[in-house]
Amino acid sequence: MSSQAHASKHDEPAAVSDGHESKAPGCATPSPNAVPQGSRRLDFAEFLRGVLARHAANVAISLAALLVGLVFWHVATHTKLNVYINFENVPPPLRVGEAFMVHLADPEFYIHIAVSMRRILTGYLLATALGVITGVLMARSRVARAFVYPYIEILRPIPAVAWIPLAILMWPSEESSIVYITFLGALFPIVLNTLHGVEQTPEVLVRAAKSLGASRLQIFWHVILPAALPSIAAGLAIGMGVSWFSLLAGEIISGQYGIGYFTWNAYSLINYPDIVVGMLVIGGLGTLSTYAVKLAMQPFLAWQRRAR
Amino acid sequence: MNTHVVSLREHARDRRSGTRNAGRGQIEIRNVSIHFGRGHDAHPAVMETTLDIAPGEFVCLLGPSGCGKSTLLNSMAGYVKPSSGTVLVDGEAVSGPGPDRGMVFQQYSLFPWKTIRDNIGFGPKLAGRGYAETDSVANTFLEMIGLTKFADKYPAELSGGMQQRVGIARALANYPSVLLMDEPFGALDAQTRLMMQESLLATWSAFSTTVVFVTHDVDEAVFLADRVLIMSAGPGAIIADLRVPLDRPRAADMATTPQFMQLKKQCLDLIRAESLKAFEQQNR
Ligand SMILES: Nc1ncnc2c1ncn2[C@@H]1O[C@H](COP(=O)(O)OP(=O)(O)OP(=O)(O)O)[C@@H](O)[C@H]1O
Ligand SMILES: [Mg+2]
């Protein structure tokens, strides 16, 4: 009897409020005067083109900046610029480029790179596993936090190079001491960012999940972990960078391979162009792998990008 | 076009038949006091409250800010343990949050990383219902709140009113015997709020769950409730239990009837007295 009246009454406001509310600021339509519904597709295409255009502009600016740096480097070395900073003995970019081309044709160069990447990957994956677990434990348990924090605070400022002697003494093989040093570099940013992310989980979401029947483990999987994920992703990206940063220190130990070893060896042989080649390869690979980490995390953070 | 409400009703009936009967959702609050803090900092939020809510009743908790409305509601939800006394739901002491008591918060309580569909289906999924059943429950509720088109969007892409409709649907998807709502429409604009109130009543009539609804808006309380409970300034205790003499279904134009106005005035007078007391307490 009254059900019909209820039902139809419910229909109307719902339909009306849809039209009304889709203009509200909560909608993620990018341009301020964008209209939803019918023209939504078109808007999105436009939005995409806008993003690409903006991206292209950024890339162009970055490339131009690199070019400026290259030209300056060339001119400074060519004119043997010596104004407080001395460019007299700095290898010019063309000679570095030549050296780089020579190495590109040399299979051993790729072994250096592959060996380094394997070390980074091993250390990094270990740091990710241990770092995320430690960060979560610290955030969820007061005891764990009080126990681990002093170690983090004391160990974190120690530079990778300072670890060389102890790493050699402590670990059974050269390889494991190098991996240890890259591992350590990645560990701290991952732990601290995980800790921070988990701490930031809104309590209301935990409560909501409990009232929906979630167990502790389910709360962890469905609420705490995703809430912490943006922060964890940032930690993973930073950790990857620091891992490369520590690589050279680790590979000083190495007697044969690795791009850090390659650089260090060039230094011992006073082969200046090769030093710069090594530096740039480390920089480039560090950038690329950091970017790869960000890219790998992106599918899990899609909800966040849409929210803006 | 009304099929979705009809099918909802069938859903609800299906779930109820069997082991559970229609008389679910009874709440008994026995001498409940709730204190926060210890030693010097200890202060009472709820004092010696006793209260009975019948199955299927719609009850509004009204009171000045800080009087303990949320605290009392949270004790029913199981987030807060009473310092003394007991809270019973369907005869069982509440020992923690559970899917038999759905909760709707004021705002921002949807999981931002889950789509609207997955937010609504989360309860059924946790309850171990299969993929197909979860999906069908989610679809039913999406239709009920009129947001089928938004099923695969994320919460941040919806307006506040839409998000709150999803919040209600998410809580109801577990077919709880009690629905607890803490100022669910407090952050909405007046127009949206009115529409939300009407659609909540329509939903409630299909589900016949018990609803405990916290608000500080007298019009809202009188429009929605079977009973309006008024709480005193902190520490909270219930000082008035007023039955609303309006017929159901409620319609927006009832707000101008003498019965409505009279009850509203009665509430306002009580609230004003309590708010003044609260104000003096806080400024002492
Ligand atoms: N977790 C807590 N720890 C300490 N004190 C609390 C806590 N939660 C609430 N209180 C105190 O209990 C009292 C009642 O708070 P409560 O949130 O229940 O009030 P309320 O009636 O819901 O107010 P509002 O209308 O502003 O939401 C307040 O004095 C508040 O400061
Ligand atoms: Mg409150």
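Key figures for this structure:
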quantity: Among the residues listed as B:PRO184, B:PRO235, B:PRO176, the single one being surrounded by fewer than 23 Cβ atoms within 10 Å (Cβ to Cβ) and either under 14 Å from the mean Cα position of the chain (by Cα) or within 16 Å of ligand 1 (Cβ to nearest atom) (or both); calculated: B:PRO235
quantity: From the options A:ALA227, A:ALA237, A:ALA266, A:ALA208, residue that is out of contact with any His (no Cβ under 7 Å at 6 or more places or on another chain), buried (at least 24 other Cβ atoms within 10 Å of the Cβ) and not basic (Lys, Arg); calculated: A:ALA208
quantity: Unique match (being closer than 20 Å to B:SER199 by Cα and either within 16 Å of ligand 2 (Cβ to nearest atom) or touching an Asp or Glu at 6+ places or on another chain (Cβ under 8 Å) (or both)) among B:ARG243, B:ARG227, B:ARG248; calculated: B:ARG227
quantity: Which listed residue, of B:THR215, B:THR210, is away from chain A (no Cβ under 12 Å), within 16 Å of ligand 2 (Cβ to nearest atom) and of a type in the set (S, T, N, Q); calculated: B:THR215
quantity: Of the criteria (1) modelled with pLDDT of 95 or more; (2) surrounded by fewer than 20 Cβ atoms within 10 Å (Cβ to Cβ); (3) within 16 Å of ligand 2 (Cβ to nearest atom), which one B:MET103 fails; calculated: (2)
quantity: Residue match in the range A:30-38 (condition: surrounded by 13 or more Cβ atoms within 10 Å (Cβ to Cβ) and modelled with pLDDT of 85 or more); calculated: no
quantity: Odd one out for B:LYS125, checked against (1) in contact with a Ser or Thr (Cβ under 7 Å, 6 or more places away or on another chain); (2) free of Cβ contacts under 8 Å to residues at least 24 places away in the same chain; (3) over 26 Å from A:ALA302 (Cα atoms); calculated: (3)
quantity: Those helices (runs of 4 or more DSSP H) lying entirely in the range A:239-308 with at least 2 residues polar (S, T, N, Q) and more than 14 Å from chain B (Cβ to nearest Cβ); calculated: A:259-268, A:272-297
quantity: Qualifying residue in the range B:154-164 (condition: within 16 Å of ligand 2 (Cβ to nearest atom), in contact with a Lys or Arg (Cβ under 8 Å, 6 or more places away or on another chain) and in a loop (DSSP other than H, G, I, E, B)); calculated: no
quantity: Selection within the range B:116-146 - assigned to a loop (DSSP other than H, G, I, E, B) and at the interface with chain A (Cβ under 8 Å from one of its Cβ atoms); calculated: B:ALA127, B:ILE145, B:GLY146
quantity: Residue under evaluation B:THR71, criteria (1) more than 16 Å from ligand 2 (Cβ to nearest atom); (2) out of contact with any helix residue (DSSP H, G or I) (no Cβ under 6 Å at 6 or more places or on another chain), criterion not met; calculated: (1)
quantity: Per-region count, the range B:32-72, residues within 9 Å of ligand 1 (Cβ to nearest atom) and either touching a residue at least 60 places away in the same chain (Cβ under 8 Å) or crowded, with 22+ Cβ neighbours inside 10 Å (or both); calculated: 16
quantity: Conditions (1) part of a helix (DSSP H, G or I); (2) within 8 Å of ligand 1 (Cβ to nearest atom); (3) farther than 20 Å from B:LEU200 by Cα; number of the one not met by B:SER75; calculated: (2)
quantity: Residue match in the range B:75-89 (condition: over 15 Å from B:GLY167 (Cβ atoms), surrounded by 22 or more Cβ atoms within 10 Å (Cβ to Cβ) and within 16 Å of ligand 2 (Cβ to nearest atom)); calculated: yes
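The values are calculated or read from the model by the stated rules, or taken from the named source; none is laboratory data. Computed from a predicted structure; not experimentally measured. Positions of Cβ are generated from backbone atoms using ideal geometry, with glycine treated the same way; all protein chains shown enter the neighbour counts.
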